[in-house]
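The values are calculated or read from the model by the stated rules, or taken from the named source; none is laboratory data. The shown structure was predicted, so the numbers you read here are calculated from the model rather than taken from an experiment. When we count neighbours, we look across all protein chains shown, and the Cβ atoms used for this are built from the backbone with ideal geometry, even at glycine.
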Amino acid sequence: MGIIIAIVVIVILVFIWISIYNGLVRSRMNTQETWSQIDVQLKRRNDLIPNLVETVKGYANFEQGTLEKVIGLRNQIAQTPSDNHAETMALSDQMTSSLKGIFAVAEAYPDLKANVQYSQLMEELSNTENKIAYSRQLFNSSTAAYNGKLQTFPTNMIAKVHHFEPSQFLETPEEEKAAPKVSFGPDGK
């Protein structure tokens, strides 16, 4: 009788172990899948940029430096290894800042704002930027859930035995954390 009870306990423990292990694998895969969504949106943005740059070039010859920077960053992102999330996001953040310069060009060129192709490209790019922001939030949520499992009992013991590593959160660059100043005064103060 004691052997049967021992076998039943061992079988139950094995099922619990397998269940926890599979939960960790699913959580890790979910984190990797959410990173993949960011990667898809970055690729989409990189595909839109050459068209946008060509459209803007005709209107903004003096903005050559901004255009070259955007193209350079686009190429760097494309060449960054897919597993280097930190560098990819740092370059992406720089790209977002540079694209703001291109958005500002439209203010200086009313004809450019009226250009249908430019408007469509800007709308697509804005939508893509929003999708990147959403994907970053989803990645951080998935990372929090996964890392939480790695730190809670008894999952942490099984994670340690199978060498599960925590995922790194994506952080907002310092310059984007500053609150923008709004002024309605005549001298801009």
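Among (1) modelled with pLDDT under 85; (2) crowded, with 18+ Cβ neighbours inside 10 Å, where does ILE132 come up short?
Among (1) modelled with pLDDT under 85; (2) crowded, with 18+ Cβ neighbours inside 10 Å, ILE132 violates only (1).
Please specify each residue of region 13-44 satisfying the condition of being under 23 Å from ALA133 (Cα atoms) and either over 12 Å from the mean Cα position of the chain (by Cα) or of a type in the set (A, V, I, L, M) (or both).
Listed by number, the residues that qualify are SER27, ARG28, MET29, ASN30, ILE38, VAL40, LEU42, ARG44.
Test of understanding: among ASP83, ASP93, ASP111, which residue is part of a helix (DSSP H, G or I), modelled with pLDDT under 85 and within 30 Å of LEU150 (Cα to Cα)?
On inspection, the qualifying residue turns out to be ASP93.
Got a sec? Which of ASN140, ASN147 is under 19 Å from VAL40 (Cβ atoms), in a helix (DSSP H, G or I) and either at pLDDT 85 or above or not hydrophobic (A, V, I, L, M, F, W, C) (or both)?
ASN140
Kindly indicate whether any position in region 64-81 is among the acidic types (Asp, Glu) and surrounded by 13 or more Cβ atoms within 10 Å (Cβ to Cβ).
No - not one qualifying residue is present in region 64-81.
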